[in-house]
1. Considering only the range 142-149, I want to know if a residue exists there that is in contact with a helix residue (DSSP H, G or I) (Cβ under 9 Å, 6 or more places away or on another chain), assigned to a loop (DSSP other than H, G, I, E, B) and either modelled with pLDDT of 95 or more or open to solvent by less than 30 Å² (accessible area, probe 1.4 Å) (or both).
2. Tell me the residue from Phe88, Phe29 that is more than 27 Å from Ala272 (Cβ to Cβ), surrounded by fewer than 24 Cβ atoms within 10 Å (Cβ to Cβ) and modelled with pLDDT under 95, please.
3. For residues that are of a type in the set (S, T, N, Q) and over 17 Å from Phe137 (Cα atoms), tally how many sit in the range 227-243.
4. Scan the range 235-252 and tell me whether some residue there is open to solvent by 60 Å² or more (accessible area, probe 1.4 Å) and either touching a Lys or Arg at 6+ places or on another chain (Cβ under 8 Å) or farther than 30 Å from Thr79 by Cα (or both).
5. So, in the range 239-266, of the ones that are under 17 Å from Val220 (Cβ atoms) and of a type in the set (S, T, N, Q), which residue ends up nearest to the chain's Cα centre (by Cα)?
6. State whether one or more residues within the range 23-31 are of a type in the set (Val, Ile, Thr), part of a helix (DSSP H, G or I) and over 21 Å from Ala119 (Cα atoms).
Amino acid sequence: MKIKLLSKFGIVFVLIGLVVVSGILSPSFLKVRNILNIFWQTSYVGILAIGMTFVLISGGIDLSVGSMVALVGAFAIETVNRFGDSLFSVFVAILLAYGLGALLGTGMGILITKGKIPAFVVTLGGMAIYRSLVLHFANGGVYMSNSLKYSSFGMAFFLGMPIPMIVFIVYAIVAHIVLEKTKFGRYVFAVGANETAAVYSAIKVDKIRTLTYTISGISVATSAVLLSSMMGSVSSSSTGMNFELDAIAAAVIGGTSLSGGKGSVIGTFLGALILGVINNMLVMLNVAVYLQGMVKGLIIIGAVLMQNLRRE
């Protein structure tokens, strides 16, 4: 019984343990402002990780999300600059950003399913293409927003909470319902667990898998709009860099299997928060920035090792 509880709520215990340890090491960690900052900073990668969860459960992977965030964010800024500083231009820019994100995600899904190209190859190529395009059109520089209206909502608060945090929570609730309570969600699990059995069960495997990449693209658009609005700019060389690693780490920490068929949005949500707490703790403890990637890499390896040991 205890083992079952530990297995089911282990990630919650890990998060609580990290918060307690962080609070002991640095009393300022537990300040409300710092907790809100962790949520805020986690929101962008957390939203990407939710889209990544759908892709991973269906048996795929998406390495392009970081570069796509830069591309879609730059596209939104360039669009709003072209149409002027008005609510209409902001609405059009966001709408087109979502269209671009969904289109790019669906395109990769079609290449993977109909082109029979491994997901690793397609998304790795996408990562290089998107970053190259962003760098080329900015000549290696920065896309700056000329719209105060566009740059305002990313820094706004509602009921004392930052907008990105609210979007992250609402997005996680909606994604959880889609994954756990709908026929589509059950098909995503079935495709990732056993593709052959899914085919014999009359599930349209290619369609389901492609839709998971569409969801990933929509997640990218959500994160890109929030991030570019908050920053008021997009750096062609650094925006979204290594976001794919963080998104995969959050999903894996939350119990999503890299081999497909297993995972949850709630687990990913908590995994993203764990990653955010660790990042915050590393900063407070003055750990070198260049070593933080090593810590994340070790966390991913450790999480997968724990999954394998639990399976055995």
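The values are calculated or read from the model by the stated rules, or taken from the named source; none is laboratory data. Every value quoted in this text rests on a predicted model; they were computed, and no experiment measured them. Here Cβ is always computed from backbone atoms with ideal geometry, including for glycine, and neighbour counts include all displayed protein chains. Ligands, DNA and RNA are excluded from the accessible area calculation, which covers all protein heavy atoms including side chains. Shrake-Rupley method; radii C 1.70, N 1.55, O 1.52, S 1.80 Å.
1. yes
2. After applying the criteria, what remains is Phe88.
3. Going through the range 227-243 one residue at a time, the tally reaches 2.
4. Within the range 235-252 (the criterion being open to solvent by 60 Å² or more (accessible area, probe 1.4 Å) and either touching a Lys or Arg at 6+ places or on another chain (Cβ under 8 Å) or farther than 30 Å from Thr79 by Cα (or both)), the answer is yes, since at least one residue qualifies.
5. Asn242
6. Checked the range 23-31: at least one residue is of a type in the set (Val, Ile, Thr), part of a helix (DSSP H, G or I) and over 21 Å from Ala119 (Cα atoms).
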